[in-house]
Every structure is written in C-alpha cells, then in structure tokens.
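Report on the following structure.
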Amino acid sequence: MTIIKSISGIRGTIGGKPEENLTPIDAVKYAASYGTFLKKKYPDKVIKVVIGRDARISGKMIQNLVQNTLIGMGINCIDLGLSTTPTVEIAVTKEKALGGIVLTASHNPRNWNALKFLNKDGEFLSASDGDEILLITEKNDFDFSKIDNLGDIKLNSSYMDYHVKEVLNLMYTNIKAIQKSNFTVVIDCVNSTGGIILPKLLEKLGVNYIPLYCEPTGEFSHNPEPLEENLTDLSRAVISNKADLGIVVDPDVDRLAFIDENGKMFGEEYTLVACADYILSKNPGNTVSNLSSTLALSEVTKKQGGEYFASAVGEVHVVELMKKTNAIIGGEGNGGIILPELHYGRDAIVGIALFLSLLAEKKVSVSRLKKTYPQYYSSKNKITLNPNINLDKLLLKISEKYKNDNPITIDGVKINFTNSWVHMRKSNTEPIIRIYTEAPLKDDAKKLADKFILELKNLLGS
C-alpha cells in the first residue's frame, strides 16, 4: 500500500518497495526532509533533535537510519532509545531542542511504523509545516554536511524517570490518597514501552500492580488498539485477581483505557470525561475534544461552570483550539488526555495519575464512578476505500442531504441530532472512512451507524 502522509507524520508498513511501504530508503528520505526543514527554519543555530521509539521490532532499524541521516546533515541527536510519545515531547522542551521525532505507529499492528515529527515546543507540526516537508521530499532538496560539520548522537535514558517525576509533582496528583487506597491493578502494556514506564509510576504511587504483556519485545500480544474486543485477557485477569481495575495503554503510551472491577470496559470516551471531571472540580475552566468525542464531556464541563469546544480530529487541532480557548484540560475520545500544565500532548501517564486520584478521593469503585456520568454509547465503524474514490464529493452529498440538521464540515461531516450524532471522515492514518455515532442507548447508536454505512455504500456504488 502507499505510504500515508498526514498531519500525524509519515506512516507505512515495513518492507516492500519504496513509496509503497516504509522502507529504509523512505526513512532516510523523510528524515532528510525534516532535517532540511529545520536547517531552513533555523539557519544560524546549532540544531538538536530528540528521538525516541516504541518497542516495535523495526524500531531500532528505523531509528539508526533516521539518526545517521540527521548527523549527516550536521544535526545533533539526543537518543532516548525505548521511550513513549509523551516522554519525547517533554524531553524536547527540557533539552531546549529545536525538534523531535517519535518512531511509532501508535495503535497500528506490529508490521507498521512511522516517523512523527515535533516542533521546538514538543508538539506535532502544523499542517503548513507538514506540507513544507513533503515539498522538500518531492524536490529532493537535500544538502548534507561536510566531514568537519557532522552532527553527533548522545544517549539519554533518564527521561522516563523525569516524566514520572513531573507527573508526581503536579498539584492534582494526590499521592497520599492513592497510597492510602491500597489499589490493586492489572496493567496491559501490549509488550511495548508502557511496560517500562507504568511500573515506575505505580511503584511511586504505592499501587499494587499485576503485569500483563509488559515485556517491551514489540511482539504485540493482541491488536494494539485499546478497544473492548482486544482486551479480553485483561478483563479476565482483573476478575481472577480481584483487582480494583485494569489499565491498558497503546504501544507509544499516549492512549489510555480502563477496565472496571467486574471486567467491564469503562469506555475509552470516558477516560477524558473522568479526568476532566477531576480537574474541573479543582480548577473550573474550559475543555476541548474533537468532533468524534462523547457529549458527556460537554455536559460535565457545563455542570462545572466551564465551556466546551470541539475541534477537528487530530492532536494538533485539539491543541490549537485549547490554546485559543484557554482550556485547562482536553484530549480525544480515543483515551488521550492533554493537560497543558505539564505539556500539550496526549499523555497516558498523566491520565493514570488523575484517574487514580479521582478514585481515591471519591472512595468509589470504577463501575460506580461510571454511573455518575451522563450515559452515552458509541459505535465506531469503518469502510475501506478505493483509492480512486472522491471522498470530498461523497461527503458533500451527505452534507447536502442533511443540510437542515446544520452539518459541521470542518473535518468530514458531523450531523447532530437530538441527543445523538454521526461523524464521517477520512482517516489520517489509514485508507478508510470512519463512521462514528453516539446515542443514549447502544442499539440506537448501532442503528444510526448502520443507517449511514448503508447510505455511504449506496453512494459508493452509484
């Protein structure tokens, strides 16, 4: 398949032919494009870039290619080795680097990898910066350094500890209450770098943890996307160990989901709802999530006296709107928590600390906590696309058909009905169209999804 170039970086499957997959040639080319972009942006500065990777089998190979390309351009690299996406983001600002690269394909299967580019603030690049990198790639506009001006690589494996320390130092992290609660949790880290950093956090919090798939081998124990159908082993482990909850993260530890004490999914969407509820109880303010996120966040925010805002899908869009609205917490409905007080990036480590603090202070079970929030059910579906399909034209037809429902078109099409909605958009990371729906009843969410899937298929066949 063709490499996916998006606001989320350069992503593809390992092996095969260049430009059809993520091959060594592609890794070098896009690393050189990013290096060239930085040299043009900072022509009179010594450039330093922070690089870290998840535990994917291809990670070390891709990292060696990327780093050696950059030092060949006179750029210095800080090598974090095995790391997490939020850890790299934090390290960029701490190191006062001019950029960063995270080597991870996030929730994609083991045969995928990606180069995710960061700016000097440790945030994902804007769309315009991403376009500039792609233009440099198309032109092969590279300029490598001579022998006396090569960059270097410095190893620094301390940043996961630093990341945990910064989370513990947050005013919101109630260490004493968590320690007093004597929680027992089961953690599923899908055999990636969560297996390194989660134990560091939980040990400092005095939480008893039972590891499940915590060896960072890159041999993912199940589909790495933290969805209910992929978490049956975790659910069984929570029940058999009589644990208070289960915690699961994706391979690069920016997404977070919970299992309650009965082995039931707390709900990816409700990770942000619960964490926002906790923050708002301490510091009322505004919140932001993307268009595909639950209505429950809006209700919780308004109840606490704040205002809710919705952005286009994608972390960079959420962050941009958070800054504009001075939001005190935000994220995405896929279990991504963004707390500006630490950094503007999705961070499962922050989410775990906030959630455990909330549980400890409220002194309730996870299942009882869930019942205190507005109850909505989502249905998440997708349709594989033919590359020749004109998706914009397809979604325009849907928008015109439902024009009386005031469709939102900043990112695909979202149609809000009474207490329910449907959002249809092209994925940033896969050749698919996503169809997300939400309603107060599970059957209603499914029926709404089925209705629009049928409409899309009819349009695709017409």
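The values are calculated or read from the model by the stated rules, or taken from the named source; none is laboratory data. Remember, it's a predicted structure, so these values are computed and weren't measured experimentally. Reconstructed Cβ throughout: ideal geometry from the backbone, glycine too, with neighbour counts over all protein chains shown.
Summary of computed values
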quantity: Residues within segment 135-148 that are out of contact with any Gly (no Cβ under 7 Å at 6 or more places or on another chain) and part of a loop (DSSP other than H, G, I, E, B), tallied; calculated: 5
quantity: Matching option when the condition is of a type outside the set (A, V, I, L, M, F, W, C) and under 25 Å from Tyr213 (Cβ atoms), among Thr23, Thr87; calculated: Thr87
quantity: Segment 42-67: number of residues that are touching a residue at least 12 places away in the same chain (Cβ under 8 Å) and more than 24 Å from Ser192 (Cβ to Cβ); calculated: 5
quantity: Flag if Glu228 is surrounded by fewer than 24 Cβ atoms within 10 Å (Cβ to Cβ), over 22 Å from the mean Cα position of the chain (by Cα) and acidic (Asp, Glu); calculated: no
quantity: Any pair with Cβ under 7 angstrom, 6 or more apart, that starts in segment 299-318 at a residue that is among the charged types (D, E, K, R) and ends at one that is surrounded by fewer than 18 Cβ atoms within 10 Å (Cβ to Cβ); calculated: Glu299/Pro374
quantity: Search result, residues across segment 10-35 that are in contact with a Phe, Trp or Tyr (Cβ under 6 Å, 6 or more places away or on another chain) and either of a type in the set (Asp, Glu) or surrounded by 22 or more Cβ atoms within 10 Å (Cβ to Cβ) (or both); calculated: Ile10, Ala32, Tyr34
quantity: Qualifying residue in segment 137-148 (condition: within 27 Å of Arg346 (Cβ to Cβ) and surrounded by 13 or more Cβ atoms within 10 Å (Cβ to Cβ)); calculated: yes
quantity: Candidates Asp148, Asp152 - the one that is assigned by TED's automatic domain parsing to the domain that holds Gly52, touching a residue at least 40 places away in the same chain (Cβ under 8 Å) and among the charged types (D, E, K, R); calculated: Asp152
quantity: Considering residues of segment 198-224 that are among the hydroxyl-bearing types (Ser, Thr, Tyr), in a loop (DSSP other than H, G, I, E, B) and modelled with pLDDT of 95 or more only, the residue farthest from Ala257 (Cα to Cα); calculated: Thr217
quantity: Close pairs from segment 7-19: first within 21 Å of Ile136 (Cα to Cα), partner part of a strand (DSSP E or B) and not small (Gly, Ala, Ser), Cβ under 6 Å, at least 6 apart; calculated: Gly9/Leu115; Gly9/Lys116; Gly9/Phe117; Ile10/Leu115; Arg11/Ile4; Gly12/Asn21; Gly12/Leu22
quantity: Positions within segment 1-51 being among the β-branched types (Val, Ile, Thr) and more than 20 Å from Gly72 (Cβ to Cβ), in sequence order; calculated: Thr2, Ile3, Ile4, Ile7, Thr13, Ile14
quantity: Flag if Val313 is under 29 Å from Glu166 (Cα atoms), modelled with pLDDT under 95, among the hydrophobic types (A, V, I, L, M, F, W, C) and outside any helix (DSSP H, G or I); calculated: yes
quantity: Odd one out for Thr217, checked against (1) touching a Cys at 6+ places or on another chain (Cβ under 8 Å); (2) more than 19 Å from Asn241 (Cβ to Cβ); calculated: (1)
quantity: Count of segment 390-411 residues which are touching a residue at least 24 places away in the same chain (Cβ under 8 Å), touching a strand residue (DSSP E or B) at 6+ places or on another chain (Cβ under 6 Å) and in a loop (DSSP other than H, G, I, E, B); calculated: 1
quantity: Checklist (1) closer than 15 Å to Tyr376 by Cβ; (2) exposed (fewer than 14 other Cβ atoms within 10 Å of the Cβ); (3) of a type outside the set (Ser, Thr, Tyr) applied to Asp444, failing item; calculated: (2)
quantity: Positions within segment 363-389 being free of Cβ contacts under 8 Å to residues at least 24 places away in the same chain, within 30 Å of Leu245 (Cα to Cα) and surrounded by fewer than 14 Cβ atoms within 10 Å (Cβ to Cβ), in sequence order; calculated: Arg368, Lys371, Thr372
quantity: Residue within segment 167-181 that is closer than 23 Å to Gly59 by Cα, free of Cβ contacts under 8 Å to residues at least 40 places away in the same chain and of a type outside the set (S, T, N, Q) present; calculated: no
quantity: Residue selected from segment 240-276 under the condition surrounded by fewer than 20 Cβ atoms within 10 Å (Cβ to Cβ) and within 16 Å of Tyr209 (Cβ to Cβ), by the criterion nearest to the chain's Cα centre (by Cα); calculated: Glu261
quantity: Qualifying residue in segment 392-407 (condition: modelled with pLDDT under 95 and buried (at least 23 other Cβ atoms within 10 Å of the Cβ)); calculated: no
quantity: Residues of segment 225-243 classified as assigned to a loop (DSSP other than H, G, I, E, B) and modelled with pLDDT of 95 or more, total; calculated: 4
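Okay, residues lined up against (1) more than 17 Å from the chain's Cα centre (by Cα); (2) buried (at least 19 other Cβ atoms within 10 Å of the Cβ); (3) in a helix (DSSP H, G or I):
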position	(1), (2), (3)
Ile133	yes, yes, yes
Ser157	yes, no, no
Val167	yes, yes, yes
Val190	no, yes, no
Ile196	yes, yes, yes
